[in-house]
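Scroll down for the structure; my scribbles are underneath it.
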Amino acid sequence: MPGSTPEAQSEWAPCPSMHPLRSTPSWKSADSLTSQTGGTAVIDTDWLTTRPIAHRGLHDFRAGIPENSLSAFAQAADAGYPIELDVQVSVDGKAVVFHDESLDRMTGARGEISRVPAVELAGLRLGESDQSIPLLREVLDLIDGRVPLIIELKNPRRRTGRVETAACKDLAGYGGPCAVSSFNRRTVAWCARNLPHLPRGQNVMKFRRGWFAAGQWQSSVFREFQTRHSTRLQFIGCHIGALPSPGAQRFRERGIPLIVFTVRTPDRLALANAHADNIFFEGFIP
């Protein structure tokens, strides 16, 4: 990976609120997905803070292992790292793994990914590698429960349904540990209704007052998701640049883990150690 020289490597040291790293990860046990308490399914979230999470897989573009590719996901799984990945929807309703709305940065093609059929997307190469844009179901088949997955649903629009439904179809019957997240709170609420057994995370960039802040954020989103059990959040995904933050700390005080993105350097790792419960990392091995 870029920057993964010995000088750039650093050790992830969980802050006091984190679960200590385990020799046997929680997802290896048969009851790691849910437990039963008084007949009610309780979502297990221990694995969310057990190991650092490989952001878009363990990728190294210069080595021909691009982000959000099957090769990057295989590298992460072989190393035992949980994986974060991005899901969008093709014009024909298939869940595809790709970060950007536009195809140009990663493929050189023009246009929006949501306007292209899945079969055409499969023919595009990621950079100069031999890797193509994978379907979500291909990733699920590859990982097959070996490591946990955090699936970010990319939906910048007010209307929900297309990307959420496409992902839900592929996740039906998947037995491995996974969670869903989004910047779109309507998407997170959709997942609470339709994928109630999965941990759910709300992604944010900042916690300042007036823009998903300690004021607006706490009064609207926190109340909406935390006062009704069916839509309760299991974690917050937060940009590392927002830390330290009283707003972020309030969520942690309420027992909601904070996972920060994207940690690329040892100095950012030190910041995360002090103020977060886990990290999404890339560019070095924590």
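The values are calculated or read from the model by the stated rules, or taken from the named source; none is laboratory data. What you see is a predicted model; the values in this text were computed from it and never measured. Cβ sites come from the backbone with ideal geometry, for glycine too, and all protein chains shown count toward neighbours.
Just wondering, is there one or more residues in the stretch 123-131 that are more than 28 Å from A192 (Cα to Cα), surrounded by fewer than 17 Cβ atoms within 10 Å (Cβ to Cβ), of a type in the set (D, E) and touching a residue at least 60 places away in the same chain (Cβ under 8 Å)? Within the stretch 123-131, one or more residues are more than 28 Å from A192 (Cα to Cα), surrounded by fewer than 17 Cβ atoms within 10 Å (Cβ to Cβ), of a type in the set (D, E) and touching a residue at least 60 places away in the same chain (Cβ under 8 Å). Per the conditions (1) on the phi < 0 side of the Ramachandran plot; (2) surrounded by 19 or more Cβ atoms within 10 Å (Cβ to Cβ); (3) modelled with pLDDT under 95, the sole criterion not satisfied by F261 is (3). Among the residues of the stretch 98-108, the one identified as among the aliphatic types (A, V, I, L, M) and either within 20 Å of the chain's Cα centre (by Cα) or farther than 16 Å from P66 by Cα (or both) is M106.
Looking only at the stretch 132-165, residues that are among the hydroxyl-bearing types (S, T, Y) and either out of contact with any Lys or Arg (no Cβ under 7 Å at 6 or more places or on another chain) or within 28 Å of R193 (Cα to Cα) (or both) come to 2 in all. Under the condition of being modelled with pLDDT under 95 and in contact with a Gly (Cβ under 8 Å, 6 or more places away or on another chain), the residues counted in the stretch 160-182 number 1. Once the stretch 132-189 is narrowed to residues that are of a type in the set (A, V, I, L, M), in contact (Cβ under 8 Å) with a residue 40 or more places away in the chain and in a strand (DSSP E or B), the residue that is surrounded by the fewest Cβ atoms within 10 Å (Cβ to Cβ) is L135. One residue stands out in the stretch 238-262 among those that are in contact (Cβ under 8 Å) with a residue 60 or more places away in the chain and outside any helix (DSSP H, G or I): the one that is farthest from the chain's Cα centre (by Cα), namely P257.
Evaluate the following for A122: is it assigned by TED's automatic domain parsing to the domain that holds R56, within 30 Å of T45 (Cα to Cα) and of a type in the set (G, A, S)?
For A122, the condition - assigned by TED's automatic domain parsing to the domain that holds R56, within 30 Å of T45 (Cα to Cα) and of a type in the set (G, A, S) - is not met.
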